[in-house]
Amino acid sequence: MGDRRRSRRLAAALTAAGLTFGTAACGSGSDSAGSGDPNTLEVWTRSNPDSAATYDRVFAAFTKKTGIKIDYQPVINFDQQLQSRASTKDLPDVMINDTALMGSYQSQGLLKPIDPDSIAGHAQITAKSWASTVGIDGRHYGIPYSRQAQTLMIRKDWLHKLGLPAPRTWADMLKVATAFATEDPDGNGKADTYGMVAPGSAQNGYVAWWGSSFLWQGGAQIIEKDGDGYRPAMDSAAALRTVTWMKDNLFCGRKNVLQPGAITAVTSTATNFQDGNAGMYLTGPYNITTFDATPGKDKYEVVPAPAGPAGSDVLADGENVYFGARTGKTEQEQALAAFLVSAEGQKIAMTSVDGHQPVVRIPTNATLDAAKVRDDARWSVVQKAYEDTSRQFPNAPDFAPIKQDTADSLNAIFTYCGSDVSSSLKELNDTLAGDLKDQDLLK
């Protein structure tokens, strides 16, 4: 673990050095796409063609309203392409990407600091959302655009067939998962159903991302704030109890509680819920559109996550609007950000046309109600989860290596069912201390 961490940190340091060098010369003289036209903004989003179609509608409305043109680039391999562009001393004007990446981008010198007062309509964004854009130095580096929180998607037709209520606790969840796996809820007479879906791979930190809700519900934290820094917290009694529970009951417990291959699954391959052979999935609301098509809107419901010993907190994340570290188009960038967080802009981004994926889940504009905009009461469950029982990964540190090291450790524990959880978590804690020390944040 330690050798892998050191190798990854070295690679990250070299990458960051290249990025910082690459952005140092970015400015009004840069020969970037669209820079010859002061009224054109180059905008990147991390999007597949489906969500890109929704952004196309948003940007078309903005251009019609303001006359400012958008050179829109939907990018799938966002970070790889961003590094490439930075190495040529050129960055997009505006980027929309994950909230959890802010600390990494800011530490590499990729972002322009933002004064919230400079964004028209900034007061309609809640203090909770604005707080998630504050960097280590106390300045804002993003504008909150979309937020979401995990909820439990569950086959209500299976519950009805087996005479079971939706689970409210971990114990309930295991009972339901076992029934889904063993009592033929689809009625086809075959043992071909599974209790839950889990993206348990260490790739890109997936198991830490999905498992963080369980950690918090069990009273554990990955890192804790400590004065003006942080300390690792995965050697706590709560972490030991929670990870042991996950190993013994989900990954190494009853057969078929999780889908086959859960330990190597990422979100793109963990398709058993939409394939119709798994009954529960703790996931984000971006899947609602997908699941309404298959298994079908009439076959599942959205309910709050079952509570663990310490509560029902779930992972919240989302996207921010970022300004690339360059000069020359500040006024146009601020105009775009103001439209994106306005009621008009957010409503366009929250609606699906021709089945395309909405790109704003829970609006950051506090004048909007997700369920009313979509005329869909299920979104009240998601919005309430975000507002009342959600946590985000710490946004100021570079959380990427912390999430990845946590995922590596959890995946190993869940893969080798005879592993010593206590010693594995102590090793992880030492690794996390190294990650924090690398960022001068260890206290």
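The values are calculated or read from the model by the stated rules, or taken from the named source; none is laboratory data. A quick note: this is a predicted structure, and the numbers were derived from the prediction, not measured. All Cβ positions, glycine included, derive from the backbone under ideal geometry; neighbour counts span all protein chains shown. The accessibility values were calculated without ligands, DNA or RNA, using every heavy atom of the protein model including side chains. Shrake-Rupley method; radii C 1.70, N 1.55, O 1.52, S 1.80 Å.
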Angle between the chain longest axis and helix 49-66 axis [Cα atoms, degrees, rounded to 10]
40
Name the long-range amide H neighbours of residue 97: under 5 Å, sequence gap of 5 or more, or other chain; modelled H, no Pro or chain starts.
320, 322
Determine the per residue accessible area of region 324-404 with all protein chains present and a 1.4 angstrom probe, expressed in square angstrom.
38
Can you compute 3J(HN,Hα) from phi for each residue in region 134-148, using the Karplus curve 6.51 cos²θ - 1.76 cosθ + 1.60 with θ = phi - 60°, rounded to whole Hz and x for Gly and Pro?
8, x, 4, 7, x, 9, 7, 10, x, 10, x, 10, 9, 9, 7
Just the number, please: carbon plus sulfur as a percent of the accessible area of region 121-173, 1.4 Å probe, no ligands or DNA/RNA counted.
57
Using a 10 Å cut-off on Cβ atoms, rank the peptides 37-43, 417-423 from the highest mean neighbour count down.
37-43, 417-423
Computed over region 139-272, Kirkwood Rh from alpha-carbon pairs, angstrom:
16.8
Extension reserve of the residue 331-residue 175 stretch, reckoned as 0.36 nm per residue once the Cα distance is removed
50.5 nm
Shape category assigned to region 224-330 from the gyration tensor of Cα positions, a/c cut at 1.5
oblate
In whole Å, what is the distance between the alpha-carbon centres of region 396-423 and region 164-220?
19
Could you run the Karplus curve 6.51 cos²θ - 1.76 cosθ + 1.60 with θ = phi - 60° over region 311-322 and give me ³J(HN,Hα) per residue in whole Hz, x for Gly and Pro?
x, 10, 4, 10, 5, 10, 8, x, 10, 10, 8, 10
Classify region 71-159 as rounded, prolate or oblate, taking a ≥ b ≥ c as the square roots of the eigenvalues of its Cα gyration tensor: rounded when a/c is under 1.5, otherwise prolate if a/b is larger than b/c and oblate if not.
oblate
Taking amide H positions as placed 1.01 Å from N in the peptide plane, with prolines and chain starts having none, which residues 5 or more places from residue 196, or on another chain, fall under 5 Å of its amide H?
258, 259, 279, 280
Using the Karplus equation 6.51 cos²θ - 1.76 cosθ + 1.60 (θ = phi - 60°), what ³J(HN,Hα) coupling, rounded to whole Hz, does each residue of region 105-116 give in order, writing x for Gly and Pro?
4, 5, 5, 8, x, 8, 10, 8, x, 10, 8, x
Assign one of three labels to region 340-418, namely rounded, prolate or oblate, based on the Cα gyration tensor with a ≥ b ≥ c the square roots of its eigenvalues; rounded applies when a/c is under 1.5, prolate when it is not and a/b is larger than b/c, and oblate otherwise.
prolate
Charged-residue dipole, Cβ positions (Lys, Arg, Asp, Glu), the chain about Cα centre, Debye nearest 20
420
For residue 42, which sequence-distant residues (separation of 5 or more, or a different chain) have an amide H within less than 5 Å of its own amide H, given hydrogens modelled in the peptide plane?
71, 93, 94
Determine the share of region 212-284's accessible area contributed by carbon and sulfur atoms, expressed in whole percent, with a 1.4 angstrom probe.
44
